[in-house]
Amino acid sequence: MEKITFCIPSKSNLRYLKTCIPSIRENASRNDHEIIIFVDSDEDGTVEWLEQVKDEYNLKYFVNPNLGESLFGIGKAYDYCVDQSTTNIFMIFHADMMLGKDADLKAFQHLKPQTVVCATRVEPPLHPNNGEKILLDFGMYPEEFKKDEFNQYVEEHLDDDKTTNGIFAPWMMYKEDFIAIGGHDPILHSCREDSDVFNRMQLAGYKFIQPWNSLVYHLTGRGAGSFDGDPERHAKWKADMDRSTLEFIRKWGSNVQHTALMEPIVSPKYNIAYVVKNCPGQLLYTLEPWCDRIYIEVEDIVDIYIDREQENTSFDLSKRVFTLSNNTPEWENDIVIEFDATQLNQQNFQLLTQMPSIIKDSGEVGEFEIDIFKIIINHLEEYQNNLIKL
C-alpha cells in the first residue's frame, strides 16, 4: 500500500498515546507510515514523553502555541496534522484507539478518489450497538488492554469480506479530496466536527465504505474525556458537546442524523424564521438555534439574550434575534413559522425540530397549519449544498 499519515490530536492523553502509538508501529502493514501528534493540552507530561520516544516510534509532534491558555479545538488540530503531512493519504485516528493488524492495508484496498474508508470499531460493551460496530471486552482502559486476545481476534477476521457504508473514526481519504471541501469547520470547536464534515462529504457525493476486516479497538470516548472517569474532565467535555451541538444546529437547521450503520442523513436546509408570541427569556435559548431568525415581542429579552449568549457562538446573534415590532419577517425569510409559546410543549417542540422534513414533504408555496404552528412558505429554496465547502 501507499505510505499514509496517521493524524492524532491529544488533550492530555498520555496514558492513551502510550498504547495507541505502539499499536500502529506493531500492527500496520508498513513500518514507515507517518505519525503526527498535535498536543492541544498537556497536563500529564505528554510533550516530555513524546520528545523521549519520537525517534523510537519515528513520529512528529506539534504543540499548541497557546498551550495552557486556550485550545486549538479538535477539528483545527486534525487539519494542522493533515497540513503537516507529506503523504497523499491520511487517516484520522483517536488517541484512545489501538490499530489491529493490517487495518491500514484492509482500508486502503477500498480507497479511491472521492471515497472515505473507515475501519470497524471493536469496543467494550458500554454503549448500545445498532450494528455499526463489534462489542467485545478487550479492556476498559489502556492499562487493561488485552492485546494478545485482541490480536488473535483480528487474525481470525482478516479474510472477512463484509462491507457497509458507515463513517466514523478512524477514517482514511485522499488529502486533496479533504482540502477540496475545506477541511473541518472550526466553529465546531471540540465536538460535532466529525458529523459536520461527514454531512459535507455526503453532499459532495463522496462514497463511504466500512470494511469489517479493518479493525481497531476503541475505548469509547476515553481520550475526549466523555467516559474516562474524571468528573471535572467529563464536565468540560459535556459543556463543549452542548455548545458544539447548538452550533451544528444553527448551521444545518437540524441535529446530527445518520442511519443505524452510521451513514449521514442530511435534512434540507431552509431559510426559516420563527415568530413567537409570549416568549419568555429562557425559552429563547431553546428556540433560537433551530431557525435563521427569531422574532419575539419584548426588546429587553432580546438584548439580554444577545449580551449573554454571543460569546458562546460564532454566529452573529444581532442578525438572528429581533423584536417583532421592528421587523416584518415575511419580507426577509423564505419560510415563516408562527406560534404562541404558551402552547408549546415537549411533543410539539419535537415537531418543530422536524419541520425541515415536513416542509420538504409539503412541496409547495402557500400556508398551512400543523398542531400549534402556522407555516407560511414564500419560497422553497434549499441551502444545504452551500455548506459543502468552507
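Where the centroid of each part is defined by its Cα atoms, how far is the stretch 117-184 from the stretch 1-72 in Å?
Distance between centres, Cα-based: 19 Å.
What order, most packed first, do the peptides 202-208, 96-102 have when packing is the mean number of other Cβ atoms within 10 Å of each residue?
Details: 202-208: 16.6, 96-102: 24.9.
Packing order, densest peptide first, comes out as 96-102, 202-208.
I want to make sure I understand the PRE zone here: with the label point 7 angstrom from the Cα of I370 toward its beta carbon, which residues in the stretch 272-307 have backbone N atoms less than 15 Å away?
Taking a point 7 Å out along Cα→Cβ of I370, the residues of the stretch 272-307 whose backbone N falls under 15 Å are 272-273.
Pop out the ³J(HN,Hα) list for the stretch 210-217 in order, Karplus 6.51 cos²θ - 1.76 cosθ + 1.60 with θ = phi - 60°, rounded to Hz; leave Gly and Pro as x.
Ordered by residue, 3J(HN,Hα) equals 10, x, 8, 10, 9, 10, 10, 9 Hz.
Excluding L158 itself, calculate the net charge of residues whose Cβ lies under 13 Å from the Cβ of L158, where each Lys or Arg counts +1 and each Asp or Glu counts -1. Mind showing how you got there, number by number?
Numbers: positive: K101, K106, K162; negative: D102, D104, E155, E156, D159, D160, D161.
Cβ neighbours under 13 Å give a net charge of -4.
Please go through the stretch 281-390 and write out the trypsin sites (Lys or Arg not before Pro) that DSSP classes as loop and that have at most 14 other C-beta atoms within 10 Å.
For trypsin sites (Lys or Arg not before Pro) across the stretch 281-390 that sit outside H, G, I, E and B with at most 14 neighbouring Cβ atoms in 10 Å, the list reads K389.
How high is the relative contact order of the stretch 58-153, given as a whole-number percent (alpha carbon pairs under 8 Å, six or more residues apart)? Could the numbers behind the result be given before it?
Values: 48 pairs, mean separation 14.2, N = 96.
15 percent.
Return a whole-number percent for the relative contact order of the stretch 123-198, with Cα pairs under 8 Å and 6 or more residues apart as the contact set. Intermediate values should be presented prior to the final figure.
Working: 37 pairs, mean separation 12.3, N = 76.
Normalised by residue count, the contact order of the stretch 123-198 is 16 percent.
Sequence-distant or interchain residues sharing an amide H contact under 5 Å with M91, placed H: which?
When sequence neighbours closer than 5 places are left aside, the close amide H contacts are T5, F6, C7.
With viscosity set to 0.890 mPa s and temperature to 25 °C, compute the Stokes-Einstein D of the chain, Rh being the Kirkwood radius across alpha carbon pairs; µm²/s, no decimals.
On the way: Rh = 22.6 Å.
The diffusion coefficient I find is 109 µm²/s.
Highest mean first, what order results for 247-255, 66-74, 158-166, 116-124 on Cβ atoms within 10 Å?
On the way: 247-255: 20.6, 66-74: 16.3, 158-166: 14.0, 116-124: 23.8.
Result, highest mean first: 116-124, 247-255, 66-74, 158-166.
Quick one: with all protein chains in place, what share of the accessible area of the chain is carbon or sulfur, to the nearest percent (1.4 Å probe)?
Values: 7970 of 17130 Å².
Exposed carbon and sulfur together represent 47 percent of the surface.
Lysines near K3 by alpha-carbon distance under 24 Å, same-chain residues fewer than 8 away left out - which ones?
Straight-distance partners of K3: K18, K54, K60, K76, K101, K106, K112, K175, K207.
The values are calculated or read from the model by the stated rules, or taken from the named source; none is laboratory data. Remember, it's a predicted structure, so these values are computed and weren't measured experimentally. Positions of Cβ are backbone-derived with ideal geometry, glycine not excepted, and every protein chain shown enters the neighbour counts. Just so you know, the surface numbers come from the protein's heavy atoms only, side chains and all, with ligands and any DNA or RNA stripped out. Shrake-Rupley method; radii C 1.70, N 1.55, O 1.52, S 1.80 Å.
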